[in-house]
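Trainee: Pasting in a structure now, in structure tokens, and then I'll have a few things to ask.
The numbers here are math on the coordinates, done by the rules we state, and not lab data. Owing to the predicted nature of the structure, the values given are computational and were not obtained by experimental measurement. Neighbour counts are summed over all protein chains in view; Cβ atoms, including those assigned to glycine, are modelled from backbone coordinates with ideal geometry.
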2 protein chains.
Amino acid sequence: MAPPARRGRPRSEDADARILQAAHALLVERGYDRFAIDEVAGRAAVAKTTLYRRWPTKDHLLVALVAKLQDDVEVADTGNIRHDLTVYLTAIATGLDRMRRVGRDAGETDRSAGVVAELVAAAARHPDVGDAVRGMFARRNALPLTLLDHARARGALPAGTSSEVLFDQLAGALYYRLLVTGRPIGADYVEQLVDQVLTGTTATPTHPERT
Amino acid sequence: MAPPARRGRPRSEDADARILQAAHALLVERGYDRFAIDEVAGRAAVAKTTLYRRWPTKDHLLVALVAKLQDDVEVADTGNIRHDLTVYLTAIATGLDRMRRVGRDAGETDRSAGVVAELVAAAARHPDVGDAVRGMFARRNALPLTLLDHARARGALPAGTSSEVLFDQLAGALYYRLLVTGRPIGADYVEQLVDQVLTGTTATPTHPERT
């Protein structure tokens, strides 16, 4: 007789989900500086050893949280590249703006990149955190890159377009404004950005340069 | 009789120049973590009080150093936008790559953003450092934005192009790769980026979407 089918997810996945949920709530309350990994264990009702075995530092845990938040953002391929990019990048921009404000009472004039910048610095400081961040983006960005590949294949983007470079132009603009120039990345900006990147592929300069 | 013409720069500018030169040398030797502002005073032969009055923390001093290094990069307007952007962005990419390596023995597989990420985090953590960084970029980026304005005015870019958005696409891609995805930003990439951003303005999709 076959053993009874196992129901539900394995216990360790439940623990991971509880940990990430508790980490998210704590980060929103406290922000980066006052986020303590010990407190996450208590709230998630898991042993500290369980938590540390899985994520040795708060930065490792926060990278896992960001990965989960990214995975929650859908990448829809409706066949209209302008619409799909606008929806996706607006979700990215909204998530970044939310993340930069966590744990702070950020008014309109506050342009700090907050925890986004702290994670960028943690990735630069600790090679294994850096590897985790770069691995997360390589895995995650495969989705919008496939979207762009499809658009090129059906002729909605010029044949020579590199999906990677195009996505750098789009996501890069958002991160650059958030992390470097401090300019806002609201829905208006995202629309203008997608429009210029895509309309740029059809508009013609009146006096193109010989190259 | 008129007083004799004053020769040379005022003493305080000389001190500033000596301080920034000493700061640069120390940063290259030590990297961000082991950079100590007290040591800069000694090397520049200025009183610590002089240094602290001008730049209260090491982050303030490093932002001033980055501003000076940026000002050393020429923005030439030869009338060929592709050439001028390629030269300028290659200089930016080279400077960023040099800066990310300072104070470390970074091999080919090391993708850390180094001190660039530390300064991004300092800007996010301290409002006055953030204001200094954002002010620096607003002032500095006015130069390439003017370059793009001129190109649009002579018809080398489509009339509706926003210089700000276009520069975000270019500089953003470089910072995004350096700080987030860890992908290289060598001369090959810069050329491909400028080419796609500009050729994008002349290439035509075979099946453009109705919008």
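Trainee: Pairs of lysines 8 or more apart, or on different chains, with alpha carbons under 28 Å: count those in the protein assembly as shown, would you? Show your work: numbers first, answer last.
Mentor: Numbers: A:48/A:58; A:48/A:68; A:58/A:68; A:58/B:58; B:48/B:58; B:48/B:68; B:58/B:68.
Counting lysine pairs in the protein assembly as shown gives 7.
Trainee: Using a label point 7 angstrom from Cα along Cα-to-C-beta, what distances in nm, from shortest up, separate residue B:74 from the other copies?
Mentor: 5.4
Trainee: Partner chain Cβ atoms within 10 Å, averaged over the residues of B:73-82 - can you pull that number for me?
Mentor: 1
Trainee: If you don't mind, there's one more thing I want to ask. For a Förster distance of 22 Å, can you work out the FRET efficiency between the beta-carbons of residue A:25 and residue B:134, rounded to the nearest 0.05?
Mentor: Working from the Cβ atoms, E equals 0.10.
Trainee: When you count, for each residue, the other Cβ atoms within 10 Å and take the mean per peptide, how do A:58-68, A:98-108, B:132-142 rank with the highest first?
Mentor: Highest to lowest by the protection proxy: A:58-68, B:132-142, A:98-108.
Trainee: Follow-up. How much mean residue ellipticity at 222 nm does chain A get from its helices, if each DSSP H run of length 4 or more adds -39500 (n - 2.57) and you divide by all residues, to the nearest 500 deg cm²/dmol?
Mentor: Calculated from helices alone, the mean residue ellipticity at 222 nm is -21000 deg cm²/dmol.
Trainee: Can you pull the mean other chain C-beta count within 10 Å for peptide A:178-186?
Mentor: Per residue, the average neighbour count from other chains is 6.
Trainee: Taking the simple approach of a point 7 Å from Cα along Cα-to-Cβ for both residue B:33 and residue A:38, what is their distance in nm?
Mentor: Taking the simple label geometry, residue B:33 and residue A:38 are separated by 2.4 nm.
Trainee: Defining the label point at 7 Å along Cα→Cβ, can you sort the distances from residue B:12 to the same site in each other copy, shortest first, in nm?
Mentor: List, nearest first: 6.3 nm.
Trainee: Cβ under 12 Å from residue A:39's Cβ, residue A:39 left aside: what net charge do those residues give with Lys, Arg +1 and Asp, Glu -1?
Mentor: Local net charge: +3.
Trainee: Within a Cβ distance under 13 Å of residue B:91, other residues only, what is the Lys/Arg minus Asp/Glu net charge? Each step should come with its number before you reach the end.
Mentor: Numbers: positive: B:98, B:140; negative: B:71, B:72, B:74, B:84, B:97.
With Lys, Arg at +1 and Asp, Glu at -1, the neighbours total -3.
Trainee: What angle do you read, to the nearest 10 degrees and between 0 and 90, between the alpha-carbon axis of helix A:81-101 and the longest principal axis of chain A?
Mentor: Between the helix axis and the principal axis of chain A, the angle is about 50 degrees.
Trainee: Then there's this: Give the nm distances, rounded to one decimal, from residue B:153 to the matching residue in every other copy, measuring between label points 7 Å along Cα toward the beta carbon; shortest first.
Mentor: So the label point of residue B:153 gives 4.6 nm to the other copies.
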